[in-house]
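Let me begin by presenting the structure, written as structure tokens, before commenting on it.
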Amino acid sequence: MSDTELQFRTATFGGFQKQDVLNYIESANQEHREKLDGLTRELEEAQKARTALEEENAQAKEQVQAGEETVRQLESQLEEARNEAEDLKSRLGDAEAELAQLRAALAEAEGKLAQAEPAAKAYEKVKDRTAGIELEAHCRAQAVQAEAEERVEKTRQDLEQWLDKVRKSYEELRTDMDATISHTSGELERVRTTLEEITNRFCAQDERLEKMVQSCIGEHKAPDPLPLEDKK
């Protein structure tokens, strides 16, 4: 309801009706709130747009800085590439000089090769003959090696058989020696016992003889001499 369309009804005793005034105030407040809400939304949108612009500005600055750094790196790489190009030019000149020398050497070698062609053919013949001789010698060497390996294997088998026989003979000899040593030890022990018995007998016989000698000496002892008279 606009101001031009607003009409207040008059009261019976002067003034306007209260309800019409209240309705007008409520309508004005509602319109004010709607305008305020619209302005608030516009302000929030404006703040969001400002924040987005600030973020875009910061990203743009970062991109600019990154671009400047990339440009500096590219300039450095370009300078290095220029230096490498100069170095390659220098090397290319040296390589061309070496190539000219090689061409001259190749021409000289071709001339010498043309002169040495008969000798080369002779060398090929000798080489082929040498290859045949080497092949034949290799075959013979393989045959000799095979024969030698066969002989070595037979010798090894014969040696193993001989060692087996020697081992068995040694074991038999050792068994006989052990038996002989055991028998000899028994005989030696018996002889030692017999010698001890004979020695003991001789000792007892010596004691008896010693007693008999002492007894004989006591029985045949000479009498004591008579005492001499004193001379006055």
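Annotations
- Using the Cβ-Cβ distance between LEU102 and ILE133 with R0 set to 30 Å, the FRET efficiency works out to roughly 0.20.
- For ARG82 and GLU42, the FRET efficiency from 1/(1 + (r/R0)^6), where r spans their Cβ atoms and R0 equals 45 Å, is about 0.20.
- FRET efficiency, 1/(1 + (r/R0)^6) with R0 45 Å, evaluated for THR180 and GLN157 via beta carbons: 0.85
- GLU172 contributes an accessible area of around 120 Å² to the protein surface, as traced by a 1.4 Å probe with all chains present.
- Taking a Cβ cut-off of under 11 Å around THR180, the surrounding Lys, Arg, Asp and Glu residues balance to a net charge of -2, with basic ones at +1 and acidic ones at -1.
The values are calculated or read from the model by the stated rules, or taken from the named source; none is laboratory data. Since this is a predicted model, take the numbers as computed values, not measurements. Please note: Cβ atoms are built from the backbone with ideal geometry, for glycine as well, and neighbour counts cover all protein chains shown. Note: accessible area is taken over every heavy atom of the protein model, side chains too, but ligands, DNA and RNA are not part of it. Shrake-Rupley method; radii C 1.70, N 1.55, O 1.52, S 1.80 Å.
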